[in-house]
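In what follows, a single structure is set out as structure tokens and then discussed.
The values are calculated or read from the model by the stated rules, or taken from the named source; none is laboratory data. Computed from a predicted model, the values in this text were never measured in an experiment. Neighbour counts are summed over all protein chains in view; Cβ atoms, including those assigned to glycine, are modelled from backbone coordinates with ideal geometry. Protein only, heavy atoms only, side chains kept; ligands, DNA and RNA dropped before computing areas. Shrake-Rupley method; radii C 1.70, N 1.55, O 1.52, S 1.80 Å.
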Amino acid sequence: MKHQDLISQMTLEEKASFCSGADYWHFKGLDRLGLESIMVSDGPHGLRKQGAEDSVANINASRPATAFPTAVTTACSWDPDLIYEMGQALGEECLQEEVSILLGPGCNMKRSPLCGRNFEYFSEDPFLAGNIAAGYINGVQSKGVGVSFKHFAVNSQETRRMIIDAVADERTLREIFLPAFEIGVKKAQPWTVMSAYNRLNGDFCSENDWLLNKVLKKDWGHEGIVITDWGAEGDIVEGIRNGQEVEMPSSHGINEAKLVKAVQEGRLDESILDERVDRIVDIILKAQETRKKNQGYKYSIEGHNELARKIATQSMVLLKNENNMLPLSKDKKYAVVGEMAMAPRYQGAGSSAVNPTVQDNAFDALKEAGMNVEYAKGYEKSNCNTLDEKLLNEAKDLAKNSDAVIVFIGLTEKYESEGVDRKHLDLPTSHNEFVEEIAKVNENVIVVLAGGAPVLMPWLPKAKALLNSYLGGQASGHAVSDLLTGAVNPSGKLAETYPLSLEDTPCYNYYPGNPATVEHRESVYVGYRYYDTADKKVLFPFGYGLSYTTFEYSDIKLSDTKIKDTDKLTVSFKVKNTGKVDGAEVCELYVTDNESTIYRPSQELKGFKKVFLKAGEEKTVEIELEKRAFAYYNVNISDWHVESGEFTIIVASSSRDAANKLTATVEVETTQDKAIVPDYSTTAPSYYGANIQNLPDEQFKAVLGRDIPPIKRDPNLPFDINSNFEDAKDSKWGKKIYKFMVWVAGLIGNDDNVEMITNAIVQMSMRGLVNMSQGIFSEKSASGMI
Ligand code: BGC
């Protein structure tokens, strides 16, 4: 133990007190031993610091801070170094506001495009997500400020997030849902990891011995602390035993008392508590040192706004550009239509909502850039269903008399939020109709799309150009203008697949699951791993994005054609900017196992590099691969394993790029000769070739290695502290309380957030209510309710 000297001076009560927050946003300190109370705040794409005067129930009450592009956007930069810069800036804002830990980044896998928090997560691919996250974490922590890497783990949905049990086999966890966290932990040692609300294979993540003690602490060597998501605490004694350090927020003495009692009664070994406190003290001391060194620190609001703009320009994705509609020309007249050109959607809703220091819009930015533009509102952003005749006609008139028309549309505030999953992939009906109507009067349509997740685009054939601005942060207007005008050459590439329909998504039949469980029957076939293996057409593939210049790939070379799995392999190739303007290209490297006994995705991303090239310039790119690039997780040996044989290395500009694709093969020989490869070809044959959308029970069971747990809570079981109002609504009194709660949510919420608030209340467990209400709703009231 690092801080034995301090710990030996603490009473049992003092030690236990460290394991619960001081209030909503602080850890406890201990004055007697010079340990200060430190502050934590959301995260992830900006600082949401609430002062003592701000009500925690009002998510929007917080100090102004730079709203950087959200995670879905920054992942499209494919540039961990750039996201390191963003992390540094976030760290500086924490220094000024005396916040010691920033609650981000979010790193859950995008299992379905419906997840309401996808805008806060990076990618459907763990390798990309983990590397971007590591850039972010290292950036923040380089300033002496910690992060909370969240939500650990398998929190890929908002529906029933506080009670749902994610059921998945170990291989799927190790290969898809955990590696992004693994990369972040190993490359950046986040000060804290936030355990997710949900259960994983039966146990709440905050009490999950396998997840916290085994995977995080033992296998990956995490040195920091685990804090619970807000209100996620269940049984604190189990939590502490199983690898958790701090429950957040405070339980006002209730849970500390339980810990003390457990130690006194011999149910919890005091040495475990000591280990937990040792780690907490370590974080407090680091935070104190930072605070001492940075009294009166001030960051540059201007500088950070400029950085937010730069990051957005490096991240937004150009998806279509026929007839070189873009970049815009100063000699043409453009109609700018759609309210989102003036009132952009630049961030998502929920705990991540930041009060921006400034906020721009694309129309003003285009004017500032000297473009000949005129604006018409076109639709009311608040009306997602129908178009206003008068506004539409004004926009059409303007469009008719312009050379081209730039149409701003997107998912509005009510479509994406923490606490609510989407039910479909549609844009607001009025926005889809708007594009169709405008296209009737001017065929030169350029669409600028905003939103934090994939949508369907029925109007796509009528758009000549399409810029996906995602959620671009407070400077998104200038970033859009920079890209449309060509001041910056687009270089973002999609970090997720855009499917052709919701029905095509791999987990369509399993998401968001049953009342009690959500089964991950699709196994490792998440995102492009499914579409590519099943050979499904998509709207836009993973890794796709255009530029105003062209690139040519050539000369792929491997450092060896035959290696052992303990050797490193260097892949080198050339990439040349063959167009007339400078630009950056994201080069992607995928690996295919040409023949395998266990089912595997047809290709997986194992390397990438973003390279800037002047017009005409050529560079040699090198990417190094190690064992993990070829390995799958072998449950027979509980380890990564390479099945000896031939692998193909693919270098390309997207997961489905044919034109630039380079390939080479390598023989890899295993050094784990005794390992037996699990063979599911007779027990679960549908997995071979990814025929996974209607997977029979027996096959899932074969891979899961145990019985499939019941999908509903047993109606004969009494309600307990983990039940919620939704569980209770089929009982006589439960129905009345449920209705009352829905009514209360209606009073609190507005049109944009009422669903989120309703879900937050009716899907919250009794345990969550006690934890989150900060003393208002007691354990006694909870048992009365139960
Ligand atoms: C969210 C976390 C957030 C925390 C504190 C929770 O509801 O899931 O992401 O950091 O609240 O606001």
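Collect residues whose amide H, placed 1.01 Å from N in the peptide plane, falls under 5 Å from the amide H of ASN634; neighbours closer than 5 in sequence don't count.
ASP639, TRP640, HIS641
Describe numerically, in nm with one decimal, the distance between label points set 7 Å from Cα along Cα→Cβ at LYS330 and at PHE612.
Each label point lies 7 Å from its Cα, and together they span 2.4 nm.
Estimate the FRET efficiency between SER37 and TYR688 by the formula 1/(1 + (r/R0)^6), using the beta-carbon distance for r and 60 Å for R0, to the nearest 0.05.
Details: r = 55 Å, r/R0 = 0.92.
Using R0 = 60 Å, I get an efficiency of 0.60.
Straight distance only, please: which aspartates and glutamates reach the Cα of LYS396 with their own Cα at less than 18 Å, same-chain residues fewer than 8 apart left out?
Once the sequence-local aspartates and glutamates are set aside, what remains near LYS396 is GLU339, GLU374, GLU380, ASP388, GLU433, GLU436, GLU437, GLU443.
Out of ILE748, ILE708, TYR688, whose Cα points farthest toward the positive end of the dipole of the stretch 663-749 (charges: +1 Lys, Arg; -1 Asp, Glu; placed on Cβ)?
Result: ILE748, furthest along the dipole toward the positive end.
Under a point-charge model restricted to the Cβ atoms of Lys and Arg (+1) and Asp and Glu (-1), what is the dipole moment magnitude of the stretch 39-195 relative to its Cα centre, in debye to the nearest 20?
Charge dipole of the stretch 39-195: 260 debye, to the nearest 20.
With only alpha-carbon pairs counted, each pair once and no self-pairs, how large is the Kirkwood hydrodynamic radius of the chain in angstroms?
27.2 Å
Would you kindly state the longest site-free stretch of the chain, with sites defined as trypsin sites (Lys or Arg not before Pro) in a DSSP loop (not H, G, I, E, B) surrounded by at most 13 other Cβ atoms within 10 Å?
It runs 3-266.
Over the stretch 275-400, one equal point on each Cα, no solvent: what is log10 I(q)/I(0) by the Debye formula at q = 0.12, 0.17 Å⁻¹?
-0.71, -1.15
Give, in nm to one decimal, the length gained when the segment between SER8 and GLU322 is fully stretched (0.36 nm per residue of separation minus the Cα-Cα distance).
Net length gain for the segment: 106.0 nm.
What is the distance, in nm, between label points placed 7 Å from the Cα along the Cα-to-Cβ direction at HIS424 and at GLU755?
For HIS424 paired with GLU755, the spin-label model returns 1.1 nm.
Hey, what did the chain get for relative contact order, percent, Cα under 8 Å, at least 6 apart?
It rounds to 14 percent for the chain.
Ignoring ligands, DNA and RNA, what percent of the accessible area of the stretch 379-451 is carbon or sulfur (1.4 Å)? Working shown, then result.
Working: 1190 of 2720 Å².
The value for the stretch 379-451 is 44 percent carbon and sulfur by accessible area.
Of all the Cα-Cα pairs you can form in the stretch 347-506, what percent are over 19 Å apart?
I get 58 percent for the Cα pairs in the stretch 347-506 exceeding 19 Å.
Mind checking which of LEU6, LEU33, PRO499 is farthest towards the positive end of the chain's charge dipole, using Cβ charges of +1 (Lys, Arg) and -1 (Asp, Glu) about the Cα centre?
Comparing the listed Cα positions along the dipole, PRO499 ranks first.
Hey, got the dipole for the stretch 352-422? About the Cα centre, +1 on K and R Cβ, -1 on D and E Cβ, debye to the nearest 20?
In debye, rounded to 20, the stretch 352-422 gives about 140.
What list of ³J(HN,Hα) couplings, whole Hz, do you get for the stretch 675-685 from phi and the Karplus terms 6.51, -1.76, 1.60, once you set θ to phi - 60° and write x for glycine and proline?
Per residue, the Karplus-derived 3J(HN,Hα) values read 5, 9, 6, x, 10, 9, 5, 9, 7, 9, x Hz.
By the gyration tensor of its Cα atoms, with a ≥ b ≥ c the square roots of the eigenvalues, what is the shape of the stretch 731-786: rounded for a/c under 1.5, prolate for a/b over b/c, or oblate? Can you show the working numbers first?
Details: a/c = 2.43, a/b = 1.37, b/c = 1.77.
Cα axes put the stretch 731-786 in the oblate bin.
Under the rule a/c < 1.5 gives rounded, and otherwise a/b versus b/c splits prolate from oblate, where does the stretch 643-708 land using the Cα gyration tensor?
Here the stretch 643-708 falls in the oblate category.
Inverting the mean 1/r over all pairs of different Cα atoms, compute the Kirkwood radius of the stretch 106-161 and quote it in Å.
11.9 Å
How large are Rg and Dmax for the stretch 32-73 when calculated on the C-alpha trace, in angstrom?
Reported Rg and Dmax, both Å: 13.5, 46.
Ignoring everything but the protein chains, give the 1.4 Å probe accessible area of MET342 in square angstrom, nearest 10.
70 Å²
Just the ratio, please: alpha-carbon radius of gyration of the stretch 1-120 over 2.2 N^0.38 Å, N its number of residues.
Here the Cα radius of gyration is 1.31 times the empirical estimate.
If you find the alpha carbon centre of the stretch 504-578 and of the stretch 247-283, how far apart are they in angstrom?
For the stretch 504-578 versus the stretch 247-283, the Cα centre distance is 44 Å.
Nearest 500 deg cm²/dmol is fine: what mean residue ellipticity at 222 nm does the chain get from its DSSP H runs of n ≥ 4 alone, each adding -39,500 (n - 2.57), divided by its residue count?
-8000 deg cm²/dmol
Tell me which of ILE721, VAL237, PHE434 sits at the most positive position along the dipole axis of the chain, charges placed on C-beta atoms (Lys, Arg +1; Asp, Glu -1).
In the chain, that residue is PHE434.
How compact is the stretch 268-343 by the rule of thumb for globular proteins, expressed as Cα Rg over 2.2 N^0.38 Å?
Details: Rg = 25.6 Å, N = 76, 2.2 N^0.38 = 11.4 Å.
Taking the Cα Rg and dividing by 2.2 N^0.38 Å, one obtains 2.24.
Using the Cα gyration tensor of the stretch 269-308, with a ≥ b ≥ c the square roots of its eigenvalues, what is the shape: rounded (a/c below 1.5), prolate (a/b larger than b/c) or oblate (neither)?
Oblate is the answer for the stretch 269-308, as a/c is 1.5 or above yet b/c matches or exceeds a/b.
Only helices at least 18 Å long along their axis, Cα-based, and averaging -0.5 or more on Kyte-Doolittle count here, so list those DSSP H runs from the chain.
Values: long enough: 80-97 (25 Å, -0.34); 126-141 (22 Å, 0.66); 270-293 (34 Å, -0.64); 301-315 (21 Å, -0.74); 429-441 (19 Å, -0.39); 732-748 (25 Å, 0.48).
Helices passing the filter in the chain: 80-97, 126-141, 429-441, 732-748.
If you project the alpha carbons of the stretch 89-221 onto their three principal axes, what span does each projection cover, largest first, in Å?
42, 33, 25
Hey, for a label at ILE748 modelled as a point 7 Å past Cα toward Cβ, could you say which residues of the stretch 336-358 have their backbone N under 15 Å away?
Under 15 Å, as judged by backbone N against the label point of ILE748, lie 350-351 of the stretch 336-358.
At a 1.4 Å probe radius, which order do LEU307, LEU212 fall into by accessible area, largest first?
Numbers: LEU307 25, LEU212 0 Å².
Largest to smallest exposure gives the sequence LEU307, LEU212.
Using a 1.4 angstrom probe and counting only protein chains, how large is the accessible area of VAL56 in Å², to 10?
Its accessible surface works out to 60 Å², give or take rounding.
With each label point set 7 Å from Cα along the Cα-Cβ vector, what nm distance links ALA257 and ASP397?
With each label placed 7 Å out from Cα toward Cβ, I get 7.1 nm.
Dipole of the chain, Cα-centred, from +1 at each Lys and Arg C-beta and -1 at each Asp and Glu C-beta, to the nearest 20 debye?
720 debye
When the accessible area of the stretch 564-646 is computed with all protein chains present and a 1.4 Å probe, what percentage of it is carbon and sulfur?
Summing carbon and sulfur atoms, their accessible area is 42 percent of the total for the stretch 564-646.
Using the heavy atoms of the protein chains and a 1.4 angstrom probe, tell me the accessible area per residue for the chain in square angstrom.
Result: 36 Å² per residue.
For the stretch 650-779, with all protein chains present and a 1.4 Å probe, just round the carbon and sulfur fraction of the accessible area to a whole percent. Intermediate results must be reported in sequence, preceding the final value.
Details: 4080 of 7270 Å².
Carbon plus sulfur share of accessible area: 56 percent.
Distance check, please: which entries in LYS150/LYS320; LYS49/LYS606; LYS218/LYS780; LYS557/LYS580; LYS150/LYS537; LYS49/LYS286 exceed 29 angstrom between their Cα atoms? Intermediate results must be reported in sequence, preceding the final value.
On the way: LYS150/LYS320 34 Å; LYS49/LYS606 37 Å; LYS218/LYS780 38 Å; LYS557/LYS580 27 Å; LYS150/LYS537 32 Å; LYS49/LYS286 20 Å.
Distance filter (> 29 Å) returns LYS150/LYS320; LYS49/LYS606; LYS218/LYS780; LYS150/LYS537.
Counting only DSSP beta bridges with both residues in the chain, tell me the antiparallel percent, nearest 5.
Expressed as a percentage, antiparallel bridges in the chain total about 55.
Within the stretch 586-607, find all residues whose amide N lies under 18 Å from a label point positioned 7 Å from the Cα of ASP555 along Cα-to-beta-carbon.
Of the residues in the stretch 586-607, 587-588 have backbone N under 18 Å from the label point off ASP555.
Treating the stretch 200-239 as a set of equal point scatterers at the Cα positions, no solvent, please give the Debye-formula log₁₀ I(q)/I(0) at q = 0.16, 0.19, 0.24 Å⁻¹.
So the normalised log intensities work out to -0.38, -0.53, -0.82.
How high is the relative contact order of the stretch 637-786? Use alpha-carbon pairs under 8 Å, at least six apart in sequence, and give a whole percent. It would help to have the intermediate numbers written out before the result.
Values: 133 pairs, mean separation 21.9, N = 150.
Over the stretch 637-786, the number comes to 15 percent.
Just flag the GluC sites (Glu not before Pro) in the stretch 581-613 sitting in loop per DSSP whose Cβ has no more than 16 other Cβ atoms within 10 Å.
Passing both the DSSP loop test and the Cβ count: GLU595.
Under a cut-off of 17 Å between alpha-carbon atoms, report the aspartates and glutamates in cross-link reach of LYS619, not counting same-chain residues fewer than 8 places apart.
Correct list for LYS619: GLU552, ASP555, ASP582, GLU585, GLU588.
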